[in-house]
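Heads up, the thing below is written out as structure tokens.
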Amino acid sequence: MTRASDTAKLLGAGATILDGTTISTADNNPQLILKSTDADANGGPLLDLIRDSSSPADNDTMGSIRFRGDDDAGNETQYVDVTAYVPDVSDGSEDGQLQFRSVVGGTLRNRFDINPTEVVFNEDSVDVDFRVESNGNANALI
């Protein structure tokens with residue numbers, strides 16, 4: 001299969017795949033396209049990452065998106081990830097957290113964290129500059 005639409009035709013509408021699936025191409029075309037042709041004002045298309053646990057607990061990881069590639073020695077390396085957590089699963093007072101990490105000097109580091117009580121830049125104290133650009137103003141963030 002070379003296109004997601006070909007796969008959808010093969011599987012049929014509403015198909016469920018119960019095991020891990022790899023979609024691979026030998027070019028730089030998209031491997032997966034989510035397309036909504038609905039003409040109303042609601043959002044779409046939607047991508048849901050659902051953790052449907054029978055025993056949800058505080059601090060569960062809800063899902064991750066990992067960006068991986070080879071280094072120059074051919075080793076698969078995770079360069080960036082975005083992960084969602086749930087610090088509190090209590091009904092009516094749920095909290096969510098979103099964390100962005102990237103590799104710096106060969107180690108995955110927390111670069112940006114949105115949690116229920118604060119937004120944190122550079123939690124892992126990496127020696128990097130923080131810069132805010134503006135149009136000709138050297139003091140864009142004070």
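If each of Leu47 and Leu32 carries a label point 7 Å out from its Cα toward its Cβ, how far apart are those two points in nm?
Computed distance between label sites Leu47 and Leu32 equals 0.7 nm.
Considering only Leu47, Leu98, Leu108, give the residue with the highest GNM mean-square fluctuation for the chain, with springs between Cα atoms whenever their separation is below 10 Å.
Per the Cα network of the chain with a 10 Å cutoff, Leu47 tops the list.
Need the C-alpha centroid separation for region 16-34 versus region 58-97, integer Å.
Each part reduced to its Cα centre gives a spacing of 20 Å.
Can you pull the percent of Cα pairs in region 43-93 with separation above 18 Å? Walk me through the intermediate numbers first.
On the way: 670 of 1275 pairs.
The proportion of pairs with Cα distances above 18 Å equals 53 percent.
Give me the one-decimal nm value for the distance between modelled label points at Arg109 and Phe121, 7 Å along each residue's Cα-to-Cβ direction.
1.4 nm
Per q in 0.10, 0.20 Å⁻¹, report the Debye log10 I(q)/I(0) for the chain, using one uniform scatterer on each alpha carbon and no solvent.
-0.60, -1.29
Not counting ligands, DNA or RNA, and with a 1.4 Å probe, what is Arg109's accessible surface area in Å² rounded to the nearest 10?
Roll a 1.4 Å probe over it and Arg109 shows about 80 Å².
The values are calculated or read from the model by the stated rules, or taken from the named source; none is laboratory data. Just so you know, these numbers come straight off a predicted model, no measurement behind them. Please note: Cβ atoms are built from the backbone with ideal geometry, for glycine as well, and neighbour counts cover all protein chains shown. In case anyone asks, the SASA skips ligands and DNA or RNA and just uses the protein heavy atoms, side chains included. Shrake-Rupley method; radii C 1.70, N 1.55, O 1.52, S 1.80 Å.
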